[in-house]
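Shown next, in C-alpha cells, is the structure this report addresses.
The values are calculated or read from the model by the stated rules, or taken from the named source; none is laboratory data. In this text, all values refer to a predicted model and were calculated from it rather than measured experimentally. Don't worry about glycine lacking a Cβ; one is built from the backbone with ideal geometry, like all the others, and counts go over all protein chains shown.
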Amino acid sequence: MEEKYTNSVRLKEDLCKGCIHCVKRCPTQAIRVRNGKARIIKQFCIDCGECIRVCPHHAKKAYYDPLSVMDNYKYTVALPAPSFYAQFNNLDDTNIVLRALKLMGFDDVYEVSAAAELVSELSREYISKHKEDAPFISTACPSVVRLIQVRFPNLLPHLLKVNSPVEIAASEAKRIAMEKTGLAAEDIGVIFISPCPAKVTSVKSPLGYEKSAIDAVIAIKKVYPKILPYMLKACDQTDEISNSGIIGLSWGSSGGEASGLLLDSYLAADGIENVIKVLEDLEDQKFTNLEFIELNACSGGCVGGVLQVENPYVAKAKLKSMRKYMPVTKNRLSENYPQNSYIENEIEYTPVFNLGTNFADGLKKMEQVEQICQRLPGLDCGSCGAPTCKALAEDIVRGLAKEQDCVYVLRDFIHNMAKNLGEL
Amino acid sequence: MSNLVLKYTVDNEDFTRAGEASSDVKKKLKMMGVPPEAVRKVAIAMYEGEINMVIHADGGEITVEITPTQIVMVLKDKGPGITDIEKAMQAGYSTASENIRALGFGAGMGLPNMKKYSDEMDIDTVIGVGTTVTMKVNI
C-alpha cells in the first residue's frame, strides 16, 4: 500500500527536534512524533506543505528535481507557473522573465498561463454542457484533489474533469518542440517551474490520468536567484514571447480561475483549513445554487505556495497591476483540442483513514476508540506525539501506539505501581 | 455484535455551533467504513434536525446508535411541539421568525429533507412538552 503514495513533503531527520509544531498544524493529522522524530504517515499526507511553513527547524523539505535536470535533455522547454511573474519587483512586462529563462539556458518557454486560458475555455464549455452535475469543483490544486479523494467521497462526482493548465502546457510544449526540432519525445525535457510540492507529487503519481506530460519539476525559489542576473540583459532584448492575457495570469492567485469562467455564481476559498470547511459544508448541502467552486490549499492561491519567494499578498498585488494593460485572453481553442484536455480516469475514493478492514471491524474499533478516549485526559497536549487525544486513541486501536504514551496515563500508572510496591 | 452509541447535547440559539454533532458523526462513520451514500444521508438528515432544534426548541439531546445494519438518530427536545405535522412536512412551510429567516434559515425544507434523506422517520410530538424525531438510515 505504501508504494502507491509518493509524497514530496519529507523529513530531514537530523534537523528534527521532535517538537510538535507540524503535528498540531497538519490538516489531515498525518504527522506523529515517534522516538523523538517526526514521522509523516504517507497515505494521510496530501502534500499541502503546511508543515514546511510551520517547522521552526526547517526539518521539513519539499522534494523536487535539481536545476541540473536540464542537462539530461538535448532540448528543454521551461513552463513558468503564472505566479512566477509575481516574484519580481517592478516587473511590468512578462516578456522579460521569459527572455531571461532562455538566457538562463532553456531552449524555449511555454507559459502555463497560456494553457490556463485554454483550460478556462474548456471549463466554460464543459460546465455549460454538464449543467446538471453542478457545482463543479476545480481540479487545479493537486492537494485539494487528493484531500477530496481521501476524505470527501460524496464530492468526487463534482470534480471538474478538465485537466490542469500545467499538464496541458506540457503536452502542447512537447508537441511544438518535436515539430520544431524533429527530436524524439525523450530527448525533449519539459520542465515545470513550480510554486508547490503538491505539483511534484501530481507528476510522479498522477490522479485521473495515466502519465503526466511533465518531465521534471523544479522549484521557483531555486530558479529565482539563478534568473536574476539575466533580467537586466533581458530588458534590453525586444523579442515578444509572451502569449497570455488577463485570464491566464489571474490563475496565479485565488479567485483567478473562477473569474475566468465568466459564471454568475461561484465561490473561491483558499488556505487548507478554509478549504476543508467549504468541503464539509458542501458535502452537507449547506449551500446550493453554486456553479463553480475554486479551492486552493495555499492562502492567497498559488502565490502562497511554499516554494515561492515573495510574500503571497504582495505577489497577488503585483500580479494584479501587471495584468492591467493586457488583453483579456490570447489563447482560444482551435479545432484541434489539446490531446490531454480532459481527465479520463475516474478518481476513486481511497479510504485511507478507515479504522478497520470492513464496516463490522470499523464499528468494533470505533467503539474501542471511544472507550480509550474516556480514559485519556482530553488535553490534546501533543506530548504523546499525536495531535489530539482522539488521534492517539485511533493510533492505539490501529496498533501503532499504547496508552502509556500519554504522559498523564503514564504518571498514574507509575503512581499506582509505587503504591502497590509500598503495600507489598 | 455490539452497537456503538454516541450522545450529543445541542446548544440553544448558537448557530455557529449547530452542525457540530452531525459533523462529528459524519467523521466517525467515514472512519468506520460506512458506505459514502449512507454517510451523506445521515449527515444531511442530522444537520437539518440539529438546526431545527436550535431554531425551534432551545436545543436538546441527540443519540446516534450505529448497528451493523442501520444508523438510528434520536433527536429529542423540550420545545413547543409541532402543531400541524402534515403542514410542517410540506416543502416551503416554515414557522421560523423573520430574524431566523434573515440568517438564511427557515426555508421550510428542514423536515422534508430529513424525511427525504432517512429511510424511516417517526415524529413524536406533544404541544408544550417537546418533540422526539427518530430517523433511521439503512447501511
Can you list the helices (runs of 4 or more DSSP H) found entirely within the range A:330-424 that contain at least 2 residues being under 30 Å from A:N154 (Cα atoms)?
A:359-375, A:389-397
How many of the residues in the range A:326-358 are within 13 Å of another protein chain (Cβ to nearest Cβ) and hydroxyl-bearing (S, T, Y)?
3
Give the range A:55-73 a look and list any residue that's modelled with pLDDT of 95 or more, surrounded by fewer than 17 Cβ atoms within 10 Å (Cβ to Cβ) and in contact with a strand residue (DSSP E or B) (Cβ under 8 Å, 6 or more places away or on another chain), or say none.
A:P66, A:L67, A:V69, A:N72
Yes or no: B:G19 modelled with pLDDT under 95 and under 10 Å from the mean Cα position of the chain (by Cα)?
yes
Among the candidates A:K364, A:K330, residue that is surrounded by 11 or more Cβ atoms within 10 Å (Cβ to Cβ), of a type in the set (K, R) and touching a helix residue (DSSP H, G or I) at 6+ places or on another chain (Cβ under 7 Å):
A:K330
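Picking from A:E172, A:E121, which residue would you name as being in contact (Cβ under 8 Å) with a residue 24 or more places away in the chain, within 25 Å of A:D270 (Cα to Cα) and of a type in the set (D, E)? Steps first, please.
Working: A:E172 fails: within 25 Å of A:D270 (Cα to Cα).
Unique residue meeting the criteria: A:E121.
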Pick from the range A:281-309 the residues that are surrounded by fewer than 19 Cβ atoms within 10 Å (Cβ to Cβ) and acidic (D, E): which of them is farthest from B:A38 (Cα to Cα)?
A:E291
Looking at A:E291, is it closer than 25 Å to A:K131 by Cβ and not aromatic (F, W, Y)?
yes
Checking the conditions here, which among B:E65, B:E61, B:E48 is over 24 Å from A:L279 (Cα atoms), under 17 Å from the mean Cα position of the chain (by Cα) and within 14 Å of another protein chain (Cβ to nearest Cβ)?
B:E65
The residue from A:R151, A:R175, A:R146 that alone is more than 14 Å from chain B (Cβ to nearest Cβ) and within 17 Å of the chain's Cα centre (by Cα) is A:R146
Quick one: A:Q87 ticks every box in (1) out of contact with any Asp or Glu (no Cβ under 6 Å at 6 or more places or on another chain); (2) buried (at least 17 other Cβ atoms within 10 Å of the Cβ) bar one, so which box is it?
(1)
Of all residues being under 21 Å from the mean Cα position of the chain (by Cα) and surrounded by fewer than 18 Cβ atoms within 10 Å (Cβ to Cβ) in the range A:223-260, which is farthest from A:L98 (Cα to Cα)? Just the residue, please.
A:S259
In the set B:I100, B:I127, which member is surrounded by fewer than 17 Cβ atoms within 10 Å (Cβ to Cβ) and more than 14 Å from chain A (Cβ to nearest Cβ)?
B:I127
Any residue in the range B:19-37 that is among the acidic types (D, E), more than 17 Å from B:E65 (Cβ to Cβ) and in contact (Cβ under 8 Å) with a residue 40 or more places away in the chain?
no
What about A:E186, is it more than 22 Å from A:S341 (Cβ to Cβ) and free of Cβ contacts under 8 Å to residues at least 24 places away in the same chain?
yes
Considering residues of the range A:268-279 that are without any contact (Cβ under 8 Å) to a residue 60 or more places away in the chain and not small (G, A, S) only, the residue nearest to B:D24 (Cα to Cα)
A:K277
Kindly list, by first and then second residue, each pair from a residue in the range A:401-420 that is under 25 Å from A:V369 (Cβ atoms) to a residue that is of a type in the set (G, A, S), limited to pairs with Cβ atoms under 8 Å and residues at least 6 apart or on different chains.
A:A401/A:G385; A:A401/A:A386; A:D405/A:G385; A:D405/A:A386; A:C406/A:S383; A:V407/A:S383
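One line per residue, one yes/no per condition, for (1) farther than 19 Å from A:S253 by Cα; (2) polar (S, T, N, Q); (3) part of a helix (DSSP H, G or I):
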{"site": "A:I46", "(1), (2), (3)": "yes, no, no"}
{"site": "A:S83", "(1), (2), (3)": "no, yes, yes"}
{"site": "A:L91", "(1), (2), (3)": "no, no, no"}
{"site": "A:V97", "(1), (2), (3)": "no, no, yes"}
{"site": "A:F106", "(1), (2), (3)": "yes, no, no"}
{"site": "A:S113", "(1), (2), (3)": "no, yes, yes"}
{"site": "A:E117", "(1), (2), (3)": "no, no, yes"}
Any residue that is within 11 Å of another protein chain (Cβ to nearest Cβ) and crowded, with 24+ Cβ neighbours inside 10 Å - is there at least one of those in the range B:12-24?
yes
Is it the case that some residue within the range B:72-85 is surrounded by fewer than 18 Cβ atoms within 10 Å (Cβ to Cβ) and without any contact (Cβ under 8 Å) to a residue 40 or more places away in the chain?
yes
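Residue by residue, here is whether (1) touching a Ser or Thr at 6+ places or on another chain (Cβ under 6 Å); (2) aliphatic (A, V, I, L, M); (3) in a helix (DSSP H, G or I); (4) at pLDDT 95 or above holds:
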| position | (1), (2), (3), (4) |
| --- | --- |
| A:I148 | no, yes, yes, yes |
| A:E167 | no, no, yes, yes |
| A:A170 | no, yes, yes, yes |
| A:A173 | no, yes, yes, yes |
| A:I176 | no, yes, yes, yes |
| A:E179 | no, no, yes, yes |
| A:L183 | no, yes, no, yes |
| A:E186 | no, no, yes, yes |
| A:V190 | no, yes, no, yes |
